[in-house]
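The values are calculated or read from the model by the stated rules, or taken from the named source; none is laboratory data. None of these values were measured; they are calculated from a predicted model. All Cβ positions, even for glycine, are placed from backbone atoms using ideal geometry, and neighbour counts span all protein chains on display. Each accessible area value is taken on the protein alone, full model and side chains, heavy atoms only, with ligands, DNA and RNA left out. Shrake-Rupley method; radii C 1.70, N 1.55, O 1.52, S 1.80 Å.
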4 protein chains.
Amino acid sequence: MNTFGQIFRITSFGESHGRGIGVVVDGCPAGLALDLNAIQEDLERRRPGQSRITTQRKEPDQFEILSGTVDNVTTGAPIACMVWNKDQRSKDYSHIEQKFRPSHADYTYFKKYGLRDHRGGGRSSARETIARVIGGGIAKQLLALKFGIQIDAWVAAVGTVEMERYWDKAMELTTENAKIVRCPDEEKADAMVAAIEAARKAGDSLGGIVACRASNVPVGLGEPIYGKLHALLGAAMLGINAVKGFEIGSGFNGARMKGSDHNDQFYTDDEGRIRTRTNYSGGVQGGISNGENIEFRVAFKPTSTLMRDQDSVDAEGKSTVVKGKGRHDPCVVPRAVPIVEAMAALVLADLYLLNLGRQV
Amino acid sequence: MNTFGQIFRITSFGESHGRGIGVVVDGCPAGLALDLNAIQEDLERRRPGQSRITTQRKEPDQFEILSGTVDNVTTGAPIACMVWNKDQRSKDYSHIEQKFRPSHADYTYFKKYGLRDHRGGGRSSARETIARVIGGGIAKQLLALKFGIQIDAWVAAVGTVEMERYWDKAMELTTENAKIVRCPDEEKADAMVAAIEAARKAGDSLGGIVACRASNVPVGLGEPIYGKLHALLGAAMLGINAVKGFEIGSGFNGARMKGSDHNDQFYTDDEGRIRTRTNYSGGVQGGISNGENIEFRVAFKPTSTLMRDQDSVDAEGKSTVVKGKGRHDPCVVPRAVPIVEAMAALVLADLYLLNLGRQV
Amino acid sequence: MNTFGQIFRITSFGESHGRGIGVVVDGCPAGLALDLNAIQEDLERRRPGQSRITTQRKEPDQFEILSGTVDNVTTGAPIACMVWNKDQRSKDYSHIEQKFRPSHADYTYFKKYGLRDHRGGGRSSARETIARVIGGGIAKQLLALKFGIQIDAWVAAVGTVEMERYWDKAMELTTENAKIVRCPDEEKADAMVAAIEAARKAGDSLGGIVACRASNVPVGLGEPIYGKLHALLGAAMLGINAVKGFEIGSGFNGARMKGSDHNDQFYTDDEGRIRTRTNYSGGVQGGISNGENIEFRVAFKPTSTLMRDQDSVDAEGKSTVVKGKGRHDPCVVPRAVPIVEAMAALVLADLYLLNLGRQV
Amino acid sequence: MNTFGQIFRITSFGESHGRGIGVVVDGCPAGLALDLNAIQEDLERRRPGQSRITTQRKEPDQFEILSGTVDNVTTGAPIACMVWNKDQRSKDYSHIEQKFRPSHADYTYFKKYGLRDHRGGGRSSARETIARVIGGGIAKQLLALKFGIQIDAWVAAVGTVEMERYWDKAMELTTENAKIVRCPDEEKADAMVAAIEAARKAGDSLGGIVACRASNVPVGLGEPIYGKLHALLGAAMLGINAVKGFEIGSGFNGARMKGSDHNDQFYTDDEGRIRTRTNYSGGVQGGISNGENIEFRVAFKPTSTLMRDQDSVDAEGKSTVVKGKGRHDPCVVPRAVPIVEAMAALVLADLYLLNLGRQV
C-alpha cells in the first residue's frame, strides 16, 4: 500500500506526469518547529538536473505545506505537503505507450491493474520518492531534537568502482566530484564520475551501492519479533526504486567470517556506557539498537532506461524495439543518497514512538 | 510486534524455556484441507538434533492444532498451533543470568524491557521460528493449491565454501552430506560439512547463505509503493535470527553490472506467455511479481554462542568472561532452510489475498 | 489516527481555516470510471449555505482530483482529492483564542497536544468531513457497480420531533421542507424546519437522529470477531463530529423485547433466496451481512456553538464568558446525511475487499 | 479479524466445543506484576453456571498462562493464556447441524465460509469472550497501576425493567439478587431476577442494557479523527455478541435536548483542575477524554436460543423447525458485565500507549 509506518507514518500520492507528488505525514508529535530549508535542501539533493552527472530535466521541486502546522510548528494534525509538477514532457513517453520497457514496471503494473499510466512510469516513477524525502526530512528533525541522531548516507560504489568501508569517519565531501557523486573518497569519486560519464556516452547505465550510518541512536529501538530494526530498515530500503539488496553491519561478508572474529565484545567505556569493541552487528542486536552506530548498505541495479535499442514486446506480445527518449540518469545512486537517509529516518522515528511505554 | 502479515497473518508467542511455542494463523481461507504431515516434516527439518552437524538437543517438536479446523479442514477461524517444550535445561543458562553474551540480544532486551528472561534467550531464541514454520507450512499448502507455487530453499554457502548460482536446476539432495547440510552440490556439501565439524571442534562457529526460489508465482503479487514484493520478502528474511543481509535477483552483484547486461529482455514464448530471457530481476519488477521464478539470497552471521571464553560485561558493566554451555549449532544455516521457505510462503500468501480486488 | 479502513482506506488532512481539506483514497480497484458529478452532489448536500436552515457561510466546496486517475478512470494508484478553502473568516474566531468553548474539543486538544489551532476548531472542525464525503463517494460508486448497493440516509428526528421508522419505504423528498431538512415525512419535515428556525432565533441549537439503510448488500460482509460489520459501522458513525450514539436494527428498543418477538425467522422466497420475515437484526447476524437491508440509526447531540453567553474558563483556568460569533448551524443533522452515507460506503467497500478470498 | 487494538492488542482463538479458548496479549509493557486472582475473578463473573439465573453449564474456566511472564511479571513478550474446554456436550448441537437457528450466526457463517462449525456456534459462541476478559483483565491492571483508573459496569436494564441513571454513585451490590443480576438498585434487581425467571419458564428470553463508567481517566486519550475514544469504545462494545446499540454520555436522549441544556460548562475546581459541571459529553470531547468519568451504555438483544419451537430453514432452504436444546441463558446481560469492562479496559490501555509521544 501507499502508507509506510505504524505511528509516525507517511501516505504518498501522485504521479510523475500528473499534478504533482504529495505526502501526508501522520503521527508527528505536536510542537516540532520545522526547519523548512533543511527539508528543501534534501529535495535539492534528490532533484534531477542538479549536476552534470544527473538527468538534465529541470524540476525545481519546491515543496509547500498544505496542513498540519501553524507558523511552521506541528500541531499534531496530519502534515500534508506537495510538490507540483512543472517540467513534464509527457510526449517523451508516447513512444512507449504500447511497449513494455525491459526491467521497468510497465508489464507488471499492466497485468496487476489491467491498465497502465505510461507517462513517465506513472506511479512507479522515482519521482514518487519526493514524498519520502519530505516525510523523512520531518522525521530527521524529530530525531535530532529528541536524541541528536544524525543520519548520513554516501555513495560507496558506482559500478565496479568501490570505496573502502568508511563507517567511522566524518562525512566530508571536499572536491567537486566528491560533491556531485556524494562519495567522500576523492580518488574514487573522480573514478565514479568518469564511469558515469562513460556510461552516458555509451547510452548505457550503471548501478552502485549507498552506505548509510545513523549515530547517537539510543539503545532499545526495534520491536521483536517481526518488527526488528534492521528488518524494517531493509523493507524501507528495498522499497526504493531499483534497490536489489540490503545488508546491515557485516552483511554478506559476515556470512564468511568465523564467530570468534565476528562477535562484538562488550566493554564499559570511560563514561560508564556499555559499548562494543567492534560493530559487525551494525548497531543492532536481536533486532534492537544497541547504542552503536547503525550501519547498512543498499545495492542499486543499473538504470533500466537506456539510450540505445533494446528488444522487447508490446502489449499484444509482439516483438518490438524500445529506445529511451527523454532525460534520464545513467546512474541513480548519487540522487538516491537523500532517499536512503529519509527512509532510515522514517523507520527510526516510528520505532522511537513505538518504544515509548515498553516498561511500566 | 509479534504479528506478521496483513490478511494472512501469524501471531507468535512462547519462549524457548517456557511452556512451549505457539502460533495463531489468521486469515487463512476456509475449506483448505491441511496435510499435517507436510507441516511436521518442515518442523523436522528445523528441529535441533536432526543430524550430526546440528545441536544435540533432542526436541521432538511435535505440533498440535488447538483451533480453527474441523477434521483438519480450515473453517476460516484462527488456527492456533502449539509445540510444547520438552527438553529444556534451564540450568544450562544459569551461568549467564547476570552476563551479556556478545552479539546476542541479552543486552538490548535488558535495556528495552528493564528485565530479561535469560533462559535460552527467552523470546529471542531461534526456537520462536517454530511458529513461522507452522504458519508458513499452512501458507505453502494454500499457495500450492491455488497456483501450484513451489518454494525451495537450500544452503548456498557455509563460511567461505560457496556453491555456484543454481537458480534453474531441480532441487535434489542426493548424498548424505548434501541432505544434512541441505546443499545440492555434492562436493561443496562435503566441504561444508567438514567446515562445520572443524568449527565445532575449535569451539568456533560459521555463518552462511541460504538461497531460495519460488516457482509458478502468478504475475501481479506485490503492492506499490511500500508493499513491494521484495521489500516484504526482505523484511521477512531479515526478521529471522542471525540474518544480516538480503538480496533479490542480481542483488549486490547487480550493482556492479551495466544496464545493457542487466536488463531482462521480454519475449513471447511458444505458449504465448510474456517472459524474460534473463532473470536478473529475480522475478520482481517494480515490486510486483512478473511470472518468472522469484530468486533471493539470505546472509546469516556465524552463531554467536561459542564454546570458548569470550570477554564481556555483566549487568553492572563489570568485566567478565562468557563461555557457551549447553548444546548449540556451530552453524545455523542448514536448519534455517525451512524457516526461509516458511517466511517466503507467508509473504506470498498475504500478497495473494491482498491482490484480490485490484481491478473492478 | 487520520486513516480509516484496512484495504479500501482514506487518509484525511487539512483544517477548516488552512489551505483546504484533502483526502487520499488508497486501495480502490483499478478501472472504475468515476462519476465526478455524483461526488460533487454529495458535497453540495454537505456544504454550508445550501439552504435557509444551515449556516450562511458560502463555501462552494468544489473538489479536484490530484492523482490516481487517467481520464477519470482509477488506475490503482492512490486518489488524492482536494477542496481548497475559500470563505474562511479567521477573525471570527479571534475572540475564543484563549477560551475553551463548552462541549467543543478546544480543551481536550489543548491538553493532548500542548497547543491549539483555534481558527474554526482547526482539525476538529466538521469541515474535515469533506474528506469522508469524497472518499465515501468513490466507495459508493464501487459498491453500486459491483452489487448495485444503494445507500440512503435521512433525518429521522430533530430535537423532539421524530418520525416513525421508515426502513422499507422508498426515499422520496417531495416538499421544499422535506428537501432541506432531508426528512421524507412531510408533516414532520415542516415541524423540524420550524423547530430549527425557533432554535436559531433563540440563539440555541438542536440535535437529532439520522437513519440509514443500505440495500442490495450481498451476504457475507463483516469479519469475526473484532471486525463485525456493525462494529465497524458504529466506529465509523461515532467518529463523525457530534455523534453520541449508534444502534443497528432494533437497537436500544430491542433490549426491551422478548426473544420470541425479536428473532428474525428464516424462510425461502419465491426466487429461492433465504430471507428473514422481520429484520430486527438490521441486516447483520453474527457480525456478517445476511442479505437483508442494513439499517441503523445515529444520534447527534445539539450543536455546541450557541449565539448566547455561556460560562466557561480560559487557558489559565479563569472564569470567562463565551458567545458564538461567525456563522453556525443551529442543527447539523440535515448536513450530516451525506456524511453518514459516505462512512457507511467506506465500511462496506473495505469489507467487500476483505471478504475476497475467505474460501479457497 | 481476530486481533483487537493497535499497540496493546489481543489476538483471540478457539471455539466453544474445540480444545479451548485462548488469547495472545501483545504490547503490554514489561514489569507489570500480574494479580492472577483478579483476572480469575472476572472470569468467574463471566462463566456459565455461576448463579440460578444463568445457564447451568458447569465450566470452571480456569485460565493458565502459556508465555510472556516470569514469576507472573510481564517481560514484554506476548502473553498467551488459555482456558481449556471441559464440559462441552457437542451432541446437544447435533439437532441443528443442518438447520439455521433464527437470529444466530449459522446462516451468515455458512455463506461466508462455505462451511460451518455447528457445535455450540463454533467461533461465534459467546465463549470466545473469555479471551477478552483475560486480555481486558491485564489491561485493567496496567490502567490501575499507571493512573488509578477504575472501570465498573452494571446491569441498567433487563427487558422493560430499567433503573435510573446512576453515574455518580459508588458501585455496591448489597442483596443476593443485586449480586447475581449485577444491578445496584435493590428493587429493580428483584424485578429483573423475576423477569428472567419468568422468561426461562416460558422458554423465552430477554435483552437488556449494561452501563459502564471509567473513572480517573487522564485528559488526552483518544485519537482524532478516526480513532476517537468513543468510536473505539463503540466498536469494542458492538463487537460483543448480541449487542445492538451503544451510546456515550447523553446518547440518544441527548439528540432530543437543546444545546443550552446539553453543553457542559467548564469551571475550575478547588484543586485548580478544569472540570465540567455536567457530563452530557460522557467524559469525551472531540473524541478525546476530558478527565471526567467516561460513561456509556450498551444495548443487548434478547438471547436468540429459545426453548420453544421456531420456524426456520435448513441448509437447502427447506422449511424446518428449530428448538433450543442444551443449557442457555435466558438473559445474557448479567454475564456481559465483565466483558463490557474488559473491552473498555482494552480500548483505554491501547489509547494510553498511543498517546505517548503526542508532544515533542
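See the values below:
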item: Region B:114-234: projected area of the alpha-carbon convex hull, averaged over directions, in nm²; result: 11.2 nm²
item: Gaussian network model of chain C, springs between alpha carbon atoms under 10 Å - residue of C:ALA255, C:ALA235, C:ALA156 with greatest fluctuation; result: C:ALA255
item: 0 to 90° range, to nearest 10: angle between helix D:333-355 axis and chain D longest Cα axis; result: 40 degrees
item: For D:LEU32, residues with placed amide H under 5 Å, excluding near neighbours; result: A:VAL360, D:THR74
item: Coarse-grained scattering of the protein assembly as shown at q = 0.06, 0.07, 0.08 Å⁻¹, given as base-10 log I(q)/I(0) from a Debye sum over alpha-carbon atoms; result: -0.54, -0.74, -0.99
item: Karplus-derived 3J(HN,Hα), 6.51/-1.76/1.60, for each residue of region D:291-308, Hz, glycine and proline x; result: x, 7, 4, 8, 10, 8, 9, 10, 9, 10, 6, x, 3, 7, 6, 10, 8, 8
item: Å² of accessible area per residue within region B:97-140, as computed with a 1.4 Å probe and no ligands counted; result: 24 Å²
item: Dipole of chain D [Lys/Arg +1, Asp/Glu -1 at C-beta], most positive-end residue of D:VAL332, D:LEU145, D:ILE209; result: D:VAL332
item: Derived scalar couplings ³J(HN,Hα) [region D:124-129; Karplus, 6.51 cos²θ - 1.76 cosθ + 1.60; whole Hz; x for Gly, Pro]; result: 7, 5, 5, 4, 4, 5
item: Nearest-20 debye value, region C:253-360 charge dipole, Cβ charges on Lys, Arg, Asp, Glu; result: 320 debye
item: Alpha-carbon centroid distance for the pair region D:342-360 / region A:155-213, whole angstrom; result: 47 Å
item: Principal-axis tilt of helix C:36-46 within chain C, Cα atoms, nearest 10 degrees; result: 50 degrees
item: Charge context of B:GLY249, other residues only, Cβ under 10 angstrom, K/R +1, D/E -1; result: -1
item: Nm distances between copies for A:LYS58, ranked from closest, using label points 7 Å along Cα→Cβ; result: 4.2, 7.9, 8.9
item: For C:THR268, distant residues with modelled amide H under 5 Å away; result: C:ARG275
item: Apportionment of accessible area to carbon and sulfur, chain A, percent (1.4 Å); result: 45 percent
item: Label point 7 Å beyond Cα along the C-beta direction, distances from B:ALA202 to other copies (nm, shortest first); result: 4.0, 8.5, 9.1
item: Cα centre as origin, Lys/Arg/Asp/Glu Cβ charges: region A:1-117 dipole, Debye; result: 680 debye
item: Distances in nm from B:LEU115 to the matching label points in the other copies, shortest first (labels 7 Å along Cα to Cβ); result: 4.0, 4.3, 5.8
item: Estimated 222 nm signal from helices in chain A, with DSSP H stretches of n ≥ 4 weighted -39500 (n - 2.57), rounded to 500; result: -8500 deg cm²/dmol
item: Minimum Cβ-to-axis distance in chain A for the rotation onto chain D, with residue, whole Å; result: A:LEU356, 2
item: Estimated Rh, chain D: Kirkwood, alpha-carbon pairs, angstrom; result: 21.4 Å
item: Nearest 10 degrees, 0 to 90: helix D:186-201 Cα axis against chain D principal axis; result: 20 degrees
item: Phi to ³J(HN,Hα) by Karplus 6.51 cos²θ - 1.76 cosθ + 1.60 over region A:108-114, Hz, x for Gly, Pro; result: 5, 4, 4, 6, 6, 9, x
item: Neighbourhood net charge (11 Å Cβ-Cβ; Lys/Arg +1, Asp/Glu -1) for A:SER312; result: 0
item: For A:GLU223, residues with placed amide H under 5 Å, excluding near neighbours; result: A:LYS228, A:LEU229
item: Magnitude of the charge dipole, chain B, Cβ model with Lys/Arg +1 and Asp/Glu -1, debye to 20; result: 1160 debye
